[in-house]
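Taking it in order: structure first as structure tokens, then the write-up.
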Amino acid sequence: MDIEKKTYERPIIKPLNSGLMNKFGTRTEYAPKTHIDGVKVKDLIAEYGSPLFVMSERQIRENMQSAQRIFETRYPKVQFAWSYKTNYINAVCNVFHQEGSWGEVVSMFEYNKALKNGVPADKILFNGPDKTDDDLRTAVKNDSPIHIDHLDELYRLIEIADDMHKKPRVAIRVNMDTGIYPMWDRFGFNYENGEAWDAINKIMASGKLNLIGLHCHIGTYMLTPSAYGVAATKLSVLALNIKKRYDKIITYIDMGGGFASKNTLKGSYQLGTDAVPDIEEYAEQISSALLNAGFDTDELPYLYLETGRALVDSAGYLLGSVISNKRLSDGRRSTILDFGVNILFTAFWYDHKVSPAQEFSQYTEDTVLYGPLCMNIDVVRENVTLPPLNAGDHVVVHYVGAYNITQSMQFISLRPAVVMIDMKGVPHKIKSSETLEDVERNELLPSHLSTFEL
């Protein structure tokens with residue numbers, strides 16, 4: 001009888017560090033991630049290559065349906081709008097649109113993407129500070145709600161509206177003190193110093209714009225749900241004062257996004273799965289603030305939500321392979337992977353959960369995970385407890401559905417393919433891996449530089 005010879009693993013002495021722990025102790029995830037929605041990780045890599053982004057259609061739909069249920073059971077008038085900047089792969093966007101989400105964009109690039117995907121123009125919320133005159137004319141022509149960010153945009157829009165003989169539907173973005181610092185006051189008009197009310201008065205006095213909404217986006221990865229209650233209360237005060245002074249009903253209050261996903265922030269005392277509030281907590285704060293603000297029942301504004309990260313992060317995975325292992329000068333184990341911060345940009349601020357994609361033994365070791373780039377900052381994890389990984393082994397990085405694809409860069413390595421696993425467990429390539437021809441497509445070479453001798 002043949003007996004399989006096990007791979008030798010050297011004995012490891014692990015120091016016992018007496019220090020602070022969360023209520024779960026020094027918990028580390030040891031379970032391998034061998035399948036995604038029933039599909040083998042190794043099969044995905046074999047067919048589509050490594051590294052590889054994988055999106056779960058099932059998880060997106062479950063996240064979206066859950067968020068809708070949570071908000072709609074607390075507030076009677078809710079409309080989600082998918083944040084294109086979070087992940088603008090068309091297949092991902094269209095899953096959200098199929099679930100009833102409108103589009104939320106911050107550039108004409110994203111605006112045209114939403115139109116091409118079939119989103120009606122009057123259901124595209126146009127945010128952002130960088131709208132050209134042509135952008136504004138297109139939005140006015142299409143009757144898209146325009147969220148005004150600053151006075152220069154306001155004045156230009158008044159001129160454009162007058163020139164086009166149209167009365168565009170507009171909202172203003174409001175920034176405010178919600179008790180969270182540093183305060184996001186770069187965008188929009190400030191509530192406390194009167195800028196917001198000044199912009200409202202200018203809009204109403206002009207007679208050229210139809211003020212229908214108020215918008216805020218108080219921050220990103222917000223861990224304090226009560227801040228949203230403060231923001232919703234202040235926007236409600238503005239809306240009620242507009243009704244009182246101008247007899248004008250504000251039809252919607254847009255609370256933006258910023259809800260946290262289950263990722264773990266660098267330096268966090270607890271894991272993200274333990275520290276991040278559930279979406280119910282955000283919903284409770286926002287809905288209670290609006291319902292208690294004093295609106296007449298028949299004049300309750302719609303609640304618009306531009307939630308991105310919290311709805312898609314958990315649906316995204318990055319699969320990769322081990323290139324090699326090294327010992328650093330201080331004795332630590334370092335593992336080099338075939339992906340780095342060029343495609344896992346959020347590694348700069350998250351300690352992403354990383355799981356081996358194959359079974360492993362009980363031995364683990366503190367490890368530094370590096371990418372393949374020729375930069376010292378190409379660190380996927382500064383410290384993570386993992387079993388020894390060998391060259392050719394595979395890993396799965398969790399919670400990467402938000403911002404990594406849209407913020408990935410072609411640096412040293414070409415960007416990988418993106419696959420979506422559908423509701424039946426069938427993988428579909430939704431974006432091909434980048435090629436040299438893709439990168440050079442827009443390059444122009446002067447004729448005198450076309451030849452050389454070495």
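The values are calculated or read from the model by the stated rules, or taken from the named source; none is laboratory data. Quantities reported herein were computed from a predicted structural model and do not represent experimental measurements. Because the Cβ atoms are built from the backbone with ideal geometry, glycine has one as well, and the counts that use them run over all protein chains shown.
What number of residues in the range 171-217 are over 22 Å from residue 228 (Cα atoms) and acidic (Asp, Glu)?
So the count comes out to 1.
Scan (1) at pLDDT below 95; (2) assigned to a loop (DSSP other than H, G, I, E, B); (3) not hydroxyl-bearing (Ser, Thr, Tyr) for the single condition residue 340 breaks and write down its number.
Unmet for residue 340, out of (1) at pLDDT below 95; (2) assigned to a loop (DSSP other than H, G, I, E, B); (3) not hydroxyl-bearing (Ser, Thr, Tyr): (1).
I'm trying to understand the selection: among the residues of the range 62-77, which are touching a residue at least 12 places away in the same chain (Cβ under 8 Å) and either surrounded by 17 or more Cβ atoms within 10 Å (Cβ to Cβ) or not basic (Lys, Arg) (or both)?
Passing the criteria: 63, 64, 65, 66, 67, 68, 70, 71, 74, 75, 76.
Listed here are the residues, each with its yes/no results for (1) of a type in the set (Gly, Ala, Ser); (2) without any contact (Cβ under 8 Å) to a residue 12 or more places away in the chain; (3) surrounded by fewer than 19 Cβ atoms within 10 Å (Cβ to Cβ); (4) under 18 Å from residue 63 (Cβ atoms).
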{"position": "255", "(1), (2), (3), (4)": "no, no, no, yes"}
{"position": "258", "(1), (2), (3), (4)": "yes, no, no, yes"}
{"position": "291", "(1), (2), (3), (4)": "no, no, yes, no"}
{"position": "305", "(1), (2), (3), (4)": "no, no, no, yes"}
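Residue by residue through the range 356-366, note down the ones that are in a strand (DSSP E or B) and surrounded by 21 or more Cβ atoms within 10 Å (Cβ to Cβ).
If the condition is that a residue be in a strand (DSSP E or B) and surrounded by 21 or more Cβ atoms within 10 Å (Cβ to Cβ), then 356 is the only one that fits.
For the range 104-154, which residues satisfy the criterion of being in contact with an Asp or Glu (Cβ under 8 Å, 6 or more places away or on another chain) and of a type in the set (Gly, Ala, Ser)?
107, 121, 128, 144
Which numbered condition in (1) farther than 19 Å from residue 160 by Cα; (2) buried (at least 16 other Cβ atoms within 10 Å of the Cβ) is the only one that residue 120 fails?
That leaves (2) as the condition not met.
When residues of the range 408-454 are filtered for being touching a helix residue (DSSP H, G or I) at 6+ places or on another chain (Cβ under 9 Å), among the polar types (S, T, N, Q) and loosely packed, with under 15 Cβ neighbours inside 10 Å, how many remain?
So the count comes out to 2.
Against the condition in contact (Cβ under 8 Å) with a residue 12 or more places away in the chain, within 27 Å of residue 54 (Cβ to Cβ) and either assigned by TED's automatic domain parsing to the domain that holds residue 65 or buried (at least 21 other Cβ atoms within 10 Å of the Cβ) (or both), how does residue 300 come out, does it pass?
For residue 300, the condition - in contact (Cβ under 8 Å) with a residue 12 or more places away in the chain, within 27 Å of residue 54 (Cβ to Cβ) and either assigned by TED's automatic domain parsing to the domain that holds residue 65 or buried (at least 21 other Cβ atoms within 10 Å of the Cβ) (or both) - is not met.
On the basis of being of a type in the set (Ser, Thr, Tyr), modelled with pLDDT of 95 or more, in contact with a helix residue (DSSP H, G or I) (Cβ under 9 Å, 6 or more places away or on another chain) and farther than 28 Å from residue 301 by Cβ, does residue 101 make the cut?
It is false that residue 101 is of a type in the set (Ser, Thr, Tyr), modelled with pLDDT of 95 or more, in contact with a helix residue (DSSP H, G or I) (Cβ under 9 Å, 6 or more places away or on another chain) and farther than 28 Å from residue 301 by Cβ.
Does residue 210 meet the test of being of a type outside the set (Asp, Glu), in the same structural domain as residue 304 (by TED's automatic domain parsing) and free of Cβ contacts under 8 Å to residues at least 12 places away in the same chain?
no
In this structure, is residue 34 at pLDDT 95 or above, under 26 Å from residue 363 (Cα atoms), β-branched (Val, Ile, Thr) and surrounded by 10 or more Cβ atoms within 10 Å (Cβ to Cβ)?
yes
Among what's in the range 307-344 and is of a type outside the set (Ser, Thr, Tyr) and without any contact (Cβ under 8 Å) to a residue 12 or more places away in the chain, pick the residue that is surrounded by the most Cβ atoms within 10 Å (Cβ to Cβ).
326
Hey, does the range 152-162 have a residue that's surrounded by fewer than 18 Cβ atoms within 10 Å (Cβ to Cβ), at pLDDT below 95 and farther than 19 Å from residue 245 by Cβ?
Within the range 152-162 (the criterion being surrounded by fewer than 18 Cβ atoms within 10 Å (Cβ to Cβ), at pLDDT below 95 and farther than 19 Å from residue 245 by Cβ), the answer is no, since none of the residues qualifies.
Determine whether the range 221-228 contains at least one residue that is among the small types (Gly, Ala, Ser) and either surrounded by fewer than 21 Cβ atoms within 10 Å (Cβ to Cβ) or closer than 21 Å to residue 280 by Cβ (or both).
yes
Can you name the helices (runs of 4 or more DSSP H) wholly within the range 172-284 that have at least 3 residues being under 20 Å from residue 305 (Cα atoms) and modelled with pLDDT of 95 or more?
Where helices (runs of 4 or more DSSP H) fall fully within the range 172-284 and carry at least 3 residues being under 20 Å from residue 305 (Cα atoms) and modelled with pLDDT of 95 or more, they are 226-246.
With respect to residue 131, determine if the residue is out of contact with any Ser or Thr (no Cβ under 8 Å at 6 or more places or on another chain), surrounded by fewer than 23 Cβ atoms within 10 Å (Cβ to Cβ) and touching a residue at least 12 places away in the same chain (Cβ under 8 Å).
Taking the combined requirement at face value, the residue does not satisfy it.
Mind telling me which of the residues 264, 233 ends up being under 30 Å from residue 379 (Cβ atoms) and assigned by TED's automatic domain parsing to the domain that holds residue 306?
Exactly one of 264, 233 is under 30 Å from residue 379 (Cβ atoms) and assigned by TED's automatic domain parsing to the domain that holds residue 306, namely 264.
What number of residues within the range 229-248 satisfy the criterion of being touching a residue at least 60 places away in the same chain (Cβ under 8 Å) and surrounded by fewer than 17 Cβ atoms within 10 Å (Cβ to Cβ)?
0
Name the one entry in 442, 376, 390 that is over 23 Å from the mean Cα position of the chain (by Cα), within 29 Å of residue 271 (Cβ to Cβ) and without any contact (Cβ under 8 Å) to a residue 24 or more places away in the chain.
Every option except 376 fails the conditions.
So residue 72 ticks every box in (1) among the acidic types (Asp, Glu); (2) at pLDDT 95 or above; (3) closer than 24 Å to residue 425 by Cβ but one. Which box is left unticked?
Evaluating residue 72 over (1) among the acidic types (Asp, Glu); (2) at pLDDT 95 or above; (3) closer than 24 Å to residue 425 by Cβ leaves (3) as the failure.
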